[in-house]
1. Report every pair of residues separated by at least 6 positions or lying on different chains whose Cβ atoms are under 9 Å apart, first residue within the range 80-101 and of a type in the set (Asp, Glu), second modelled with pLDDT of 95 or more.
2. Go through the range 4-18 and count every residue that is loosely packed, with under 14 Cβ neighbours inside 10 Å and of a type in the set (Val, Ile, Thr).
3. Would the range 84-98 turn up any residue that is among the β-branched types (Val, Ile, Thr) and in a strand (DSSP E or B)?
4. Give the range 121-159 a look and list any residue that's among the β-branched types (Val, Ile, Thr) and out of contact with any helix residue (DSSP H, G or I) (no Cβ under 9 Å at 6 or more places or on another chain), or say none.
5. Do any residues in the range 6-33 that are more than 16 Å from Arg72 (Cβ to Cβ) have Cβ atoms under 6 Å from those of residues that are hydrophobic (A, V, I, L, M, F, W, C) and surrounded by 16 or more Cβ atoms within 10 Å (Cβ to Cβ), where the two are at least six apart or on different chains, and which pairs are they?
6. Does the range 113-132 include one or more residues that are surrounded by 18 or more Cβ atoms within 10 Å (Cβ to Cβ), of a type outside the set (A, V, I, L, M, F, W, C) and assigned to a helix (DSSP H, G or I)?
Amino acid sequence: MSVQTVARRYAAALADVALAHDEAREVQAELVEWEKMFHASPMIEEVLRNPTIALEKKRAVLYKLIERVKPRPTTANFLKVLLQNHRLTELTEINRRFAEILDERAGLVAATVTTARSVPEEAQQKLLAMLSTLTGKKVRINFNTDSELIGGLVTRVGSTIYDGSVQNHLRKIKAKMAGARYF
């Protein structure tokens, strides 16, 4: 079974529990912090990843961390389940899917807009309104910059990409010219 499939299943189950307890965004924030903590400590990450280290030792490490950090019971229990099922190393993908599922259930769609330079606030609001109309949902936009775009923008909404970058237009012109015959 793929990591994405596993992550989706764990994330959906967590979303059910967290939403039932009305603590979804808080659990989400805590899990992101746990992910950062694991990545920030190569020793902890190695202990959790290493298949030669006994589950009991891994459990002792996780329980000690839970005791120090004191996350919500939902977060702590979820981390324990992941450890028990040897899925704690997939926390990054599970967190990504969890955020997507929470947005989905809230009727929210995430979009990423990449431009060559930062976008003025007024233009951001117009783009937000346009994407809301286009999708028929509330939209949360994350703005990125990439100087290689030269100009224009690339918008990703779910798996759909709208590429209005100068770089893409130049690529299309180049393809047309390469296919054209001049006599």
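The values are calculated or read from the model by the stated rules, or taken from the named source; none is laboratory data. As the structure is a computational prediction, the values presented were derived from the model and not from experiment. With ideal geometry, Cβ positions are generated from the backbone for all residues, glycine too; neighbour counts draw on all protein chains shown.
1. The qualifying pairs are Glu90/Tyr10; Glu90/Leu82; Glu93/Ala11; Glu100/Ala11.
2. 1
3. Among the residues of the range 84-98, not one is among the β-branched types (Val, Ile, Thr) and in a strand (DSSP E or B), which makes the answer no.
4. The answer is Thr133, Thr135, Thr145.
5. Ala7/Ile94; Tyr10/Ile94; Ala11/Ile94; Ala11/Phe98; Ala11/Ile101; Ala12/Ile101
6. Among the residues of the range 113-132, not one is surrounded by 18 or more Cβ atoms within 10 Å (Cβ to Cβ), of a type outside the set (A, V, I, L, M, F, W, C) and assigned to a helix (DSSP H, G or I), which makes the answer no.
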